[in-house]
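I have placed the structure first, in the form of structure tokens, so that the comments after it can refer back to it.
The values are calculated or read from the model by the stated rules, or taken from the named source; none is laboratory data. Worth saying up front: this structure is predicted, and the values here are computed from it rather than measured. Using ideal geometry, Cβ is built from the backbone for each residue, glycine included, and neighbour counts are taken over all protein chains shown.
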Amino acid sequence: MAQVTDHGGGVRSISVPIPDNPLGHTLVYVVDTDRGPVLIDTGWDDPASWDTLAEGLAACGTSVSEIHGVVITHHHPDHHGLSGQVREASGAWIAMHAADASIVRRTRENRPERWFAYMAAKLTASGAPEEHLAPLRDARKSARPSTLPGFSPALPDREIVPGELLALPGRRLRAIWTPGHTPGHVCLHLEEDHPARLPGHGRLFSGDHLLPRITPHIGLYEDPDDVTVTDPLGDYLDSLERVGRLGPAEVLPAHQHTFTEAPSRVRELLAHHEERLTGLLILLSTPLTPWQLAERMEWNRPWDQIPYGSRTIAVSEAEAHVRRLVKLGRAEAVTGSDPVTYVAV
Ligand SMILES: [Zn+2]
Ligand SMILES: [Zn+2]
């Protein structure tokens, strides 16, 4: 049976499973409007997840075919995976921020081989050893788009414009642009009194931006066509402060569980990243490549026990922190080093 929670005030959530993933579930929110239910995120593209979503909607007294629209917090497959199928079944529109919509467009246009080649080049530049690069080369040879999840995401029909109200008849849902986890991540502020009159300003659908017990992954924005030097961690920290200032009465995140006290959670996360940056500066008293830095950073387990895919994520997280330190003038690239090393200044 699908797990459905009634959050009051015409908002429910369905816990949609993510297969083979420690995160477990995506919370898909169902917001009642005068024109039918609107979904915030849809869940992973998998038959079992689809069945759970359909069962959950039935438990809410509606069905997939009744969905009026789909609002996507960001393009990741655990959020946007089922959007195309929902649209097919209902004729619903799909709305997404332009920055994530262009990632979707490029993902659809690029062949997986190009993606693997790009990742291999990027990891080589960050100092990854040969044994980490070889599997990418093999994947490049055997990749078939149809066998890879997330390589044909649905193109959205509408753009989510930061600061504007979404066209949800009878509701006040405002888009708050919160780049960092992805360049086009949005939180959605339901500017209505909390149904239980909790103190604060409405409710915030926070996607992956603000979660109660985990910190979202902040890596570099991975885009084979973009050569601008972005600072995702800087974006994320700014976005956190923005959301903290909103002071929502309750946060409805896309994973784990709802919570109150958003400003104190924001402070915890800001302190966590500040601590991490300080720790990195100590490590960077000797020049290190991002890969060497990742090996020396603290993770939830020792480096030699971190599986392959998570190492790729860890090194991109290390790079995002180095990028931040460089932007702050607290670290710099060592001239002439190849792969490039960074040192504290
Ligand atoms: Zn995500
Ligand atoms: Zn997620």
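Hey, any hits in segment 201-214 for a residue that's more than 13 Å from ligand 1 (Cβ to nearest atom), touching a Phe, Trp or Tyr at 6+ places or on another chain (Cβ under 6 Å) and either free of Cβ contacts under 8 Å to residues at least 60 places away in the same chain or among the β-branched types (V, I, T) (or both)?
Yes, because at least one residue in segment 201-214 is more than 13 Å from ligand 1 (Cβ to nearest atom), touching a Phe, Trp or Tyr at 6+ places or on another chain (Cβ under 6 Å) and either free of Cβ contacts under 8 Å to residues at least 60 places away in the same chain or among the β-branched types (V, I, T) (or both).
When segment 14-27 is examined, which residues are found to be free of Cβ contacts under 8 Å to residues at least 40 places away in the same chain and at negative phi?
If the condition is that a residue be free of Cβ contacts under 8 Å to residues at least 40 places away in the same chain and at negative phi, then P17, P19, P22 are the ones that fit.
Is at least one residue of segment 272-290 acidic (D, E) and closer than 22 Å to P129 by Cα?
Within segment 272-290 (the criterion being acidic (D, E) and closer than 22 Å to P129 by Cα), the answer is no, since none of the residues qualifies.
Residue pairs, Cβ under 9 Å, 6 or more apart or interchain, first in segment 30-48 and buried (at least 23 other Cβ atoms within 10 Å of the Cβ), second among the β-branched types (V, I, T) and part of a helix (DSSP H, G or I). List them.
L39/V86; T42/V86; G43/T52
Based on what the data block shows, is V334 among the β-branched types (V, I, T), surrounded by 15 or more Cβ atoms within 10 Å (Cβ to Cβ), in contact (Cβ under 8 Å) with a residue 12 or more places away in the chain and not assigned by TED's automatic domain parsing to the domain that holds A128?
Numbers: among the β-branched types (V, I, T): yes; surrounded by 15 or more Cβ atoms within 10 Å (Cβ to Cβ): no; in contact (Cβ under 8 Å) with a residue 12 or more places away in the chain: yes; not assigned by TED's automatic domain parsing to the domain that holds A128: yes.
So V334 fails the test.
One residue is enough: does segment 282-294 have a residue meeting the conditions surrounded by fewer than 18 Cβ atoms within 10 Å (Cβ to Cβ) and either in a helix (DSSP H, G or I) or within 25 Å of the chain's Cα centre (by Cα) (or both)? So that I can check it myself, show each step before the final result.
Restricting attention to segment 282-294, the residues satisfying the condition of being surrounded by fewer than 18 Cβ atoms within 10 Å (Cβ to Cβ) are 282-283, 285-287.
Filter again for either in a helix (DSSP H, G or I) or within 25 Å of the chain's Cα centre (by Cα) (or both), leaving 282-283.
Checked segment 282-294: at least one residue is surrounded by fewer than 18 Cβ atoms within 10 Å (Cβ to Cβ) and either in a helix (DSSP H, G or I) or within 25 Å of the chain's Cα centre (by Cα) (or both).
Grab the strands (runs of 3 or more DSSP E) fully contained in segment 15-87, keeping just those with 1 or more residues being away from ligand 2 (no atom under 16 Å from the Cβ) and not aliphatic (A, V, I, L, M).
Working: elements: 25-31, 38-40, 69-71.
The strands (runs of 3 or more DSSP E) meeting that bar are 69-71.
Condition (residue is in contact with a Gly (Cβ under 9 Å, 6 or more places away or on another chain), in a helix (DSSP H, G or I) and under 27 Å from L220 (Cβ atoms)) applied to segment 104-116: is it met by at least one residue?
Among the residues of segment 104-116, at least one is in contact with a Gly (Cβ under 9 Å, 6 or more places away or on another chain), in a helix (DSSP H, G or I) and under 27 Å from L220 (Cβ atoms), which makes the answer yes.
Any residue in segment 255-268 that is of a type in the set (F, W, Y), under 21 Å from the mean Cα position of the chain (by Cα) and surrounded by fewer than 17 Cβ atoms within 10 Å (Cβ to Cβ)?
For segment 255-268, residues of a type in the set (F, W, Y), under 21 Å from the mean Cα position of the chain (by Cα) and surrounded by fewer than 17 Cβ atoms within 10 Å (Cβ to Cβ): absent.
Can you tell me which condition H209 does not meet? The list is (1) away from ligand 2 (no atom under 16 Å from the Cβ); (2) part of a loop (DSSP other than H, G, I, E, B), and all the others hold.
(1)
Scan segment 178-202 residue by residue and report those that are more than 16 Å from ligand 2 (Cβ to nearest atom) and either farther than 18 Å from V70 by Cα or surrounded by fewer than 19 Cβ atoms within 10 Å (Cβ to Cβ) (or both). Steps first, please.
Going residue by residue through segment 178-202, those that are more than 16 Å from ligand 2 (Cβ to nearest atom) are 189-202.
Across segment 178-202, the qualifying residues are E191, E192, D193, H194, P195, A196, R197, L198, P199, G200, H201, G202.
In the list L82, L123, which residue meets the criterion of being more than 16 Å from ligand 1 (Cβ to nearest atom), buried (at least 16 other Cβ atoms within 10 Å of the Cβ) and among the hydrophobic types (A, V, I, L, M, F, W, C)?
L123
Assuming G207 fulfils every condition listed in (1) on the phi > 0 side of the Ramachandran plot; (2) surrounded by fewer than 21 Cβ atoms within 10 Å (Cβ to Cβ); (3) among the small types (G, A, S) apart from one, which condition is it?
(2)
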